[in-house]
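Colleague: This is the structure I have questions about; it appears just below.
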Amino acid sequence: MLRTDPYAGAIFYLVMRGHMLQKLMRKTIIAAITAFFASNTFADVVVIVHPSNNSTLDDRAVKRIFLGKEKKFSNGTGVTPINQADNDARDTFDSNVLGRSSSQVAAYWSKLIFTGKGVPPKEVGGDAEVVAAVAADPSAIGYIDSSAVTGDVKSIPLN
Amino acid sequence: MKKSLTLIALGCATVFSANAEVRINGFANFVGGVTSSDDTVYGYDDNVSFSDESIFAIQVSGDINDKMTATGQVVAKGENDYKTEFEWAYITYEATDNVSVSAGRLRLPLFRYSASKDVGYSYHWVNAPRAVYDVAFNNLEGFRVDYNNYAGDWEYGFQLAAGTINSEIDVPDATGNPVEVDLKANNAVLLTAEATYEWFKIRVVGGRSSVTFRPAVLETTFAQIPDNIADALRIEDDTSEFYGLGIEVDKFDWFVNAEFTEVGIEESFSPTDTAYYVSAGIRTGKFTPSITYESLDGEGEIRFLDLVAALPEPFQAPVGAAVTGTQQAFFDKYTVTTLGLRYDMDTNVALKADISKYDDDLDDTADATLVRFAVNYIF
């Protein structure tokens, strides 16, 4: 994936002048367009649970679970949310489902951790690890890119 | 109480060694500041200083069983020469999904950010607005019951806290040197109610306690005036009351929050303090610029002049002067305007800078401008 760095861009602007500038601008625009489409595909994050889980889930329930406000599924069984370590799926989930930036989510948890009011969800690294953890635990809930869904877990699309 | 705290700490240590599920978290605020020339405010002066608001803390918590958790937090504050102290040590019992009970030494839920006041990372300021947050009675030795639930789009919660407050306040003695004076509040009870609807939050709080606070410097004065007036002025088992209202609108791209508090001891020399702040900010990417206005009004009516008027004529002038002087010495009235910027460097590091203009309404020579910068870290 291409990433654009506006600061690097500014420095380049100062260093390279004349004909180089046009070329650079074209590159920046292409990079911006690529980043735009790339970020749209990231929005395709799905929530996954154990295949035996028959509870109903909507956006709000998932949000409450991942913010530590809900400790049970609608069918009454305990819930173990599984978070992703700092990556694109996490960013998408934080902004689309939790409605906050990852920094704000961290600030939210810092308030709860240091008052003994809550423990943030365990973090694992990457979609495959989330699938493995959810497949092994009937109480688990996680989120992954839709392309990573396997038959071992049940996926729930979020609106 | 110290003994029981040690016991809890030992309890924690035993539990932790026996159980694999131990969580260690910590936070650090590295805060530097400097005032405009010849000014002093919040302990800062016109030389750059890092020791006034810097804090380092480690918290260890562990599950005793399914429903019980032990938590201990050790804090080192720059203003106390980084002497480590057990800020909190308590055990929490989760009675149901909605109710939890904590017992030990814990933070009194006075304000919106009381619980995380020391954790700079949790808010957009360099430090929580002092006009409201700078009170001497932050920690409670006792218990707290938390109830949380939701109905439709509304989330709501109640907190009941009760116990004893043991604290110290620095009071200048006759020669002007600060002396630590014990502040003790017995039978402290505090009730908090909070409701949140997506982007809107409202919070009300009320509490009372029986306070004793006797600076030696005042006793010298009290010895020279009639007993009934000295008793009226003195803070000894006197009822103090605390009220607060907090409102917050957070639309993610921008937010506005405000808190209003009133605290006082009616039957005493201590004036009733009315304080509030209003803060607004916008979030643009990793940056959160904000503006905060805070105000403290602790300039009350002079009390007990009716008692002075009942004295024989020759005593009225000298006793009146002592009564008025004692109360005026504790008057305080100021406003602070702060422009601040937070930058989220990472999901556990924030950089901040702010500039504050402190306006003292009672003493113009105390006006000051303060620039601060901070690094907040959590792990």
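Colleague: Could you check how many residues of the range B:326-347 are crowded, with 17+ Cβ neighbours inside 10 Å, within 24 Å of B:VAL119 (Cα to Cα) and in contact (Cβ under 8 Å) with a residue 12 or more places away in the chain?
Modeller: Count: 6.
Colleague: Could I ask something else about it? Taking the residues in the range B:263-320 that are surrounded by 18 or more Cβ atoms within 10 Å (Cβ to Cβ) and within 30 Å of B:MET345 (Cα to Cα) as candidates, determine which candidate is farthest from the other protein chains (Cβ to nearest Cβ).
Modeller: B:GLU294
To keep it simple, each residue is scored yes or no on (1) exposed (fewer than 14 other Cβ atoms within 10 Å of the Cβ); (2) of a type in the set (D, E, K, R); (3) part of a loop (DSSP other than H, G, I, E, B).
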{"residue": "B:THR96", "(1), (2), (3)": "yes, no, yes"}
{"residue": "B:LEU106", "(1), (2), (3)": "no, no, no"}
{"residue": "B:LEU110", "(1), (2), (3)": "no, no, yes"}
{"residue": "B:HIS124", "(1), (2), (3)": "no, no, yes"}
{"residue": "B:GLU141", "(1), (2), (3)": "no, yes, no"}
{"residue": "B:GLU180", "(1), (2), (3)": "yes, yes, no"}
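Colleague: Considering each of B:GLU301, B:GLU313, B:GLU294 in turn, give the residue that is in contact with a strand residue (DSSP E or B) (Cβ under 6 Å, 6 or more places away or on another chain) and either in contact (Cβ under 8 Å) with a residue 12 or more places away in the chain or more than 30 Å from A:GLN104 (Cα to Cα) (or both).
Modeller: B:GLU294
Colleague: Is it the case that the range A:143-157 has a residue that's out of contact with any strand residue (DSSP E or B) (no Cβ under 7 Å at 6 or more places or on another chain), part of a loop (DSSP other than H, G, I, E, B) and within 13 Å of chain B (Cβ to nearest Cβ)?
Modeller: No, the range A:143-157 contains no residue that is out of contact with any strand residue (DSSP E or B) (no Cβ under 7 Å at 6 or more places or on another chain), part of a loop (DSSP other than H, G, I, E, B) and within 13 Å of chain B (Cβ to nearest Cβ).
Colleague: Here's another thing I want to ask about it. Pairs only if they're at least six apart or on different chains, beta carbon under 6 angstrom, first in the range A:63-89 and more than 15 Å from B:GLU155 (Cα to Cα), second among the aromatic types (Phe, Trp, Tyr); list them, first residue then second.
Modeller: A:VAL79/A:PHE73; A:PRO81/A:PHE66; A:ASP88/A:PHE42
Colleague: Can you run down the residue pairs with Cβ atoms below 7 Å, 6 or more apart or on separate chains, where the first is in the range B:123-142 and at pLDDT 95 or above and the partner is outside any loop (DSSP other than H, G, I, E, B) and among the basic types (Lys, Arg)?
Modeller: B:HIS124/B:ARG342; B:VAL126/B:LYS352; B:VAL126/B:ARG372; B:GLU141/B:ARG105
Colleague: How about the range B:96-141: which of its residues are more than 14 Å from the chain's Cα centre (by Cα), more than 10 Å from every other protein chain (Cβ to nearest Cβ) and among the acidic types (Asp, Glu)?
Modeller: Answer for the range B:96-141, where residues must be more than 14 Å from the chain's Cα centre (by Cα), more than 10 Å from every other protein chain (Cβ to nearest Cβ) and among the acidic types (Asp, Glu): just B:GLU141.
Colleague: Keeping to the range B:194-226, report how many residues are free of Cβ contacts under 8 Å to residues at least 40 places away in the same chain and not acidic (Asp, Glu).
Modeller: Matching residues across the range B:194-226 total 7.
Colleague: Now, a different point. Please pick out the residue among A:VAL124, A:VAL119, A:VAL131, A:VAL149 that is crowded, with 19+ Cβ neighbours inside 10 Å and touching a residue at least 24 places away in the same chain (Cβ under 8 Å). So that I can check it myself, show each step before the final result.
Modeller: Details: A:VAL124 fails: crowded, with 19+ Cβ neighbours inside 10 Å; A:VAL119 fails: crowded, with 19+ Cβ neighbours inside 10 Å; A:VAL149 fails: crowded, with 19+ Cβ neighbours inside 10 Å.
None of the others qualify; the one that does is A:VAL131.
Colleague: When residues of the range B:64-81 are filtered for being of a type in the set (Lys, Arg) and either in contact with a Gly (Cβ under 8 Å, 6 or more places away or on another chain) or within 10 Å of chain A (Cβ to nearest Cβ) (or both), how many remain?
Modeller: Selection size over the range B:64-81: 0.
Colleague: If you don't mind, there's one more thing I want to ask. Which residue pairs have Cβ atoms under 8 Å apart, sit 6 or more places apart or on different chains, and have a first residue in the range B:249-268 that is closer than 16 Å to B:VAL211 by Cα and a second that is crowded, with 16+ Cβ neighbours inside 10 Å and basic (Lys, Arg)?
Modeller: B:SER268/B:ARG234
Colleague: Can you tell me which residues in the range A:83-126 are in a helix (DSSP H, G or I), within 11 Å of chain B (Cβ to nearest Cβ), touching a helix residue (DSSP H, G or I) at 6+ places or on another chain (Cβ under 7 Å) and under 21 Å from A:ILE48 (Cβ atoms)?
Modeller: A:ARG90, A:ASP91, A:ASP94, A:SER102, A:VAL105
Colleague: Turning to a different aspect of this structure: Sort through B:GLY152, B:GLY163 and tell me the only one that's at pLDDT 95 or above and either under 22 Å from B:ASP118 (Cβ atoms) or out of contact with any helix residue (DSSP H, G or I) (no Cβ under 8 Å at 6 or more places or on another chain) (or both).
Modeller: B:GLY163
Colleague: Please go through the range A:56-78 and pick out each residue that is in a loop (DSSP other than H, G, I, E, B) and either out of contact with any Lys or Arg (no Cβ under 6 Å at 6 or more places or on another chain) or basic (Lys, Arg) (or both). Explain how you work it out, then say what you get.
Modeller: Filtering the range A:56-78 down to residues in a loop (DSSP other than H, G, I, E, B) leaves A:56-58, A:67-71, A:73-77.
Within the range A:56-78, A:THR56, A:LEU57, A:ASP58, A:LEU67, A:GLY68, A:LYS69, A:LYS71, A:PHE73, A:SER74, A:ASN75, A:GLY76, A:THR77 meet the criteria.
Colleague: In the range A:105-122, which residues are within 21 Å of A:VAL47 (Cα to Cα) and touching a Phe, Trp or Tyr at 6+ places or on another chain (Cβ under 9 Å)?
Modeller: Answer for the range A:105-122, where residues must be within 21 Å of A:VAL47 (Cα to Cα) and touching a Phe, Trp or Tyr at 6+ places or on another chain (Cβ under 9 Å): A:VAL105, A:ALA106, A:VAL119, A:PRO120, A:PRO121.
Colleague: Now for a separate question. Could you tell me which residue of the range B:82-94 is surrounded by the most Cβ atoms within 10 Å (Cβ to Cβ), considering only residues that are touching a residue at least 12 places away in the same chain (Cβ under 8 Å) and acidic (Asp, Glu)?
Modeller: Applying the filter and picking the extreme gives B:GLU87.
Colleague: Let me ask another. Of the residues in the range B:55-89, how many are more than 27 Å from B:PHE30 (Cβ to Cβ) and in a strand (DSSP E or B)?
Modeller: 5
Colleague: When you go through B:SER61, B:SER49, B:SER54 one by one, which is the residue that is of a type outside the set (A, V, I, L, M, F, W, C), buried (at least 17 other Cβ atoms within 10 Å of the Cβ) and within 14 Å of another protein chain (Cβ to nearest Cβ)?
Modeller: Going through B:SER61, B:SER49, B:SER54 in turn, the sole match is B:SER61.
The values are calculated or read from the model by the stated rules, or taken from the named source; none is laboratory data. Since we're looking at a predicted model, the values are computed, not measured. Don't worry about glycine lacking a Cβ; one is built from the backbone with ideal geometry, like all the others, and counts go over all protein chains shown.
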